[in-house]
Amino acid sequence: MKKTWITLCTAAILAIGVTGCASGNGSSQTPHPTEQSGSPSPTASPQATTPADGGTSGQEKQSPLFATPQDAAAAIILTLKDADMETLQAFVHPQNGLLFSPYAHIDKEKAQTFPASELPTTNDDKKYVWGSFDGSGEPIELTFGDYYKKFVYDEDFVNAEKIGWDEILSSGNTEPNMKETFPGSYIVDYHFSGFDEQYEGMDWKSLILVLEQHEGGWYLSGIVHSQWTI
């Protein structure tokens, strides 16, 4: 009886050992935990995040990067249609700021240029001198809102009749000088060939965006209004 009991105990111990080996897929080693690295994988792309409160966590707000000037122009023209100056700030060239010219021949000494952070609003009551009126030579002294209505979005340029991709579609008696003023720039001409048949096309208008590259993206450096000049 004693011998039988010892035999049963031995069998039980052997059974337990076999089961343990089976559950370990033939290995009795304990698996090691996966190693964690404190730095991201070299192939991981960092993603920008915006704080929940809409702030910038002590850093300047990042401007969106447009891979092509066409993409930049498409976003900018919609922003100009809505007169959304807050959004427009993000599109302005970080170094050059934004120049406004009432005519296609830019006079840099008279044209107003604003850094993105100082871009006026359309309800700003301060008057600026933007250049001289064609013909009379009188100073163009207007608030930003009045200038915007007369020399920026005075027509529905989102639905322009033609778009000139890096080309000027029309000019008056003054020579356009965007390329000379902004070497290496890309220009987009939103153009209407005329509105009233009696003027035989002399009432044409254009809104020209001057775009420049910065750190891999395209930004807005100039907004040029163009029309027939004498």
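Observations, loosely collected:
- Estimated FRET transfer efficiency (Trp165, Asp107; beta-carbon r; R0 30 Å; 0.05): 0.70
- The GluC sites (Glu not before Pro) of the stretch 104-146 meeting both criteria, a DSSP state outside H, G, I, E and B (loop) and at most 14 other C-beta atoms within 10 angstrom of the site's C-beta, are Glu109.
- Pairwise FRET efficiency - Thr68 versus Val129, Cβ, R0 = 41 Å, nearest 0.05: 0.70
- Taking Cα centre as origin and charging only the Cβ of basic (Lys, Arg, +1) and acidic (Asp, Glu, -1) residues, the dipole magnitude of the stretch 69-227 rounds to 320 debye.
- Solvent-accessible surface of the stretch 69-227, averaged per residue with a 1.4 angstrom probe and all protein chains in place: 48 square angstrom.
- Local electrostatic count at Gly184 - Lys and Arg +1, Asp and Glu -1, tallied over other residues with Cβ under 15 Å: -3
- Heavy atoms of His191 accessible to a 1.4 Å probe, total area in Å² rounded to 10: 10
- When the solvent-accessible area of the stretch 77-128 is split by element, carbon and sulfur atoms take up 42 percent of it, the probe being 1.4 Å.
- Using 0.36 nm per residue and subtracting the Cα-Cα separation, the extra length available between Ser193 and Glu118 on full extension is 23.6 nm.
- Rg ratio (alpha-carbon, reference 2.2 N^0.38 Å) - the stretch 69-227: 0.97
- Fraction of antiparallel bridges per DSSP, the stretch 69-227 only, in percent to nearest 5: 90
The values are calculated or read from the model by the stated rules, or taken from the named source; none is laboratory data. These numbers come from a predicted model, not from an experiment. FYI the Cβ positions are ideal-geometry reconstructions off the backbone, even for glycines, and counts take in every protein chain you see. Calculation scope for accessible area: heavy atoms of the full protein, side chains included, ligands and nucleic acids excluded. Shrake-Rupley method; radii C 1.70, N 1.55, O 1.52, S 1.80 Å.
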